[in-house]
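To start, the structure itself, in structure tokens.
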Amino acid sequence: MNIKHLLPTTAILSFVSFSIVVQAAPLVSIGDNVDVFFNGSSSVQWQSNVFYDDADEQDDIRFTVSPGFEVNVGRGLSNLDLSIVTRYDIVRYDELSDLDSEQFHIKAISSYRSSRWDVDGLVSYDEQQSSGKDGNTNQKGQLTQSENIRANLNGEYRLSPKFSVGSGVNYSDKQYKDQESLADRVSFTVPVDIFYELTPKVDLSVGYTHTSTDVGETNIGDTVNGREVSSYDKTGHFFNIGARGELLPKLSGFFKFGYRTSDSDDSTIQTVTGGTPDLPTSTNRDSRGTVGLDANFTYAATPKLTTAFALHRGFGVGGEGQGTTTTRANLSANYAINSNYSASANFGYTLREYEAADREDNVYSTGVRLSYVPNRYWRFSTGYNYSENDSNAPGQGYEAHSIVLSASLRY
């Protein structure tokens, strides 16, 4: 390892460490309602398999410095809260320097509360560098760059002491950079739910969610030997019933259970062999249906031990635009050792079945982390993560380990 790569991180941490002795309040306060914070972090991470490639594993050490700022509006206001968070990631690799990058992130989160209305909104922009560890976007010998835009607006209106109705619009736009083999996508989701208060702690629900996705074209290969698949539209429906609130003593959360459908247009496939275009063909994307599930539970086992469990079953889109059926389960636990130290562990499993292809991915991930919070400003942590993709598709399986040390500061 070339130690000079570590110097910028060490210098920044030393500088902000000195600053924290002096600063004990928001960086800037504007009037009575606005606070501005510095919100930064640094990390050192060892990766055993940077590209998640089982045939050619390459390990390296990644250094990340992430200065950022947070603006909070709403202190002293009863109904409105608004936070704007921005961060700039400076990523450097010890050996694989061609992977060095900078990524910008910004998001605005808002909420409004009144006697009848609850409204939440989010707008975000993120530049991402991905290893494709989910088995969806593996690009051998390189990392995937993308730009991601999200915009969510969801609200709930109380019609009466027993009934309320919720709805919203959720938008996402993922655009890959210099990756014609990966499919860009734009998606709209509109949920509608009616809630009935069964008890003061539990609401029952009946709902429907409409999803519309525009999947971009893909171009694999070149003008001599290649294949181009045209863009297509995908429509989904989710009819569900569910419940939310304190479902059992110490168990809170929500679940939606029902039936999902998916209808996709066909695409034109143009194949070029030896520089000569073959006759165009067409896909045959049939309508599909499956049991649908979205659930998220938190169990407060003891005052110090809290566990969380999330489940999902539905349809998705693979990195190259393929339709998928996804089943996902995530389990995590957090234990507060004392007022300064905490430990956490997680386990995740995803089964991804690809439409119109004999491919099935079983993705496993597990990890442990120890955190130290000496005061309200600083957080230090270290952790280990393991991930594996057991895939029947050639070249898509992998195993990977990582160890990370990180420090974050907010003041």
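Counting residues in segment 196-203 that are among the polar types (S, T, N, Q), within 30 Å of residue 364 (Cβ to Cβ) and either assigned to a strand (DSSP E or B) or at pLDDT 95 or above (or both) gives zero.
When segment 165-224 is filtered for residues that are over 19 Å from residue 241 (Cβ atoms), hydrophobic (A, V, I, L, M, F, W, C), touching a Ser or Thr at 6+ places or on another chain (Cβ under 8 Å) and surrounded by fewer than 18 Cβ atoms within 10 Å (Cβ to Cβ), the ones remaining, listed by number, are 169, 186, 188, 220. When the residues of segment 25-46 are filtered to those that are modelled with pLDDT of 95 or more and among the polar types (S, T, N, Q), the one that is nearest to residue 111 (Cα to Cα) is 41. Which residues, taken from segment 83-105, are among the charged types (D, E, K, R), assigned to a strand (DSSP E or B) and surrounded by 15 or more Cβ atoms within 10 Å (Cβ to Cβ)? Of everything in segment 83-105, those that are among the charged types (D, E, K, R), assigned to a strand (DSSP E or B) and surrounded by 15 or more Cβ atoms within 10 Å (Cβ to Cβ) turn out to be 87, 89, 92.
Filtering segment 76-97 down to residues that are within 20 Å of the chain's Cα centre (by Cα) and polar (S, T, N, Q), which residue is farthest from residue 108 (Cα to Cα)? Only one residue fits best here, namely 86.
Of the residues 338, 362, 392, which single one is over 24 Å from residue 89 (Cα atoms) and free of Cβ contacts under 8 Å to residues at least 12 places away in the same chain? Every option except 338 fails the conditions. Candidates 289, 274: the one that is within 30 Å of residue 230 (Cβ to Cβ) and at pLDDT 95 or above is 289.
Of all the criteria given as (1) surrounded by 15 or more Cβ atoms within 10 Å (Cβ to Cβ); (2) not in a strand (DSSP E or B), the one not satisfied by residue 228 is (2).
I'd like to check something: does segment 47-57 contain any residue that is under 19 Å from residue 378 (Cβ atoms), under 21 Å from the mean Cα position of the chain (by Cα), of a type in the set (S, T, N, Q) and modelled with pLDDT of 90 or more? No, every residue in segment 47-57 fails to be under 19 Å from residue 378 (Cβ atoms), under 21 Å from the mean Cα position of the chain (by Cα), of a type in the set (S, T, N, Q) and modelled with pLDDT of 90 or more.
Can you tell me which residues in segment 58-82 are touching a strand residue (DSSP E or B) at 6+ places or on another chain (Cβ under 8 Å), assigned to a loop (DSSP other than H, G, I, E, B) and closer than 16 Å to residue 143 by Cβ? 59, the sole residue that qualifies. Looking across segment 371-386, just one residue is small (Gly, Ala, Ser) and over 24 Å from residue 69 (Cβ atoms), and that is 383. Selection over segment 293-304 of residues that are part of a strand (DSSP E or B) and either farther than 17 Å from residue 245 by Cβ or aromatic (Phe, Trp, Tyr) (or both) gives a count of 3. In segment 364-380 there is no residue that is at pLDDT 95 or above, out of contact with any strand residue (DSSP E or B) (no Cβ under 9 Å at 6 or more places or on another chain), surrounded by fewer than 16 Cβ atoms within 10 Å (Cβ to Cβ) and of a type outside the set (Lys, Arg).
May I ask you to verify whether residue 261 is in contact with a His (Cβ under 8 Å, 6 or more places away or on another chain), surrounded by 15 or more Cβ atoms within 10 Å (Cβ to Cβ) and either in a strand (DSSP E or B) or modelled with pLDDT under 95 (or both)? Against the criterion (in contact with a His (Cβ under 8 Å, 6 or more places away or on another chain), surrounded by 15 or more Cβ atoms within 10 Å (Cβ to Cβ) and either in a strand (DSSP E or B) or modelled with pLDDT under 95 (or both)), residue 261 qualifies.
Exactly one of these conditions fails for residue 405: (1) in contact (Cβ under 8 Å) with a residue 40 or more places away in the chain; (2) under 30 Å from residue 186 (Cα atoms); (3) loosely packed, with under 15 Cβ neighbours inside 10 Å; (4) among the aliphatic types (A, V, I, L, M). Give me its number. For residue 405, the failing item is (2).
The values are calculated or read from the model by the stated rules, or taken from the named source; none is laboratory data. The model shown is predicted, which means the values in this text are computed figures rather than measured ones. Don't worry about glycine lacking a Cβ; one is built from the backbone with ideal geometry, like all the others, and counts go over all protein chains shown.
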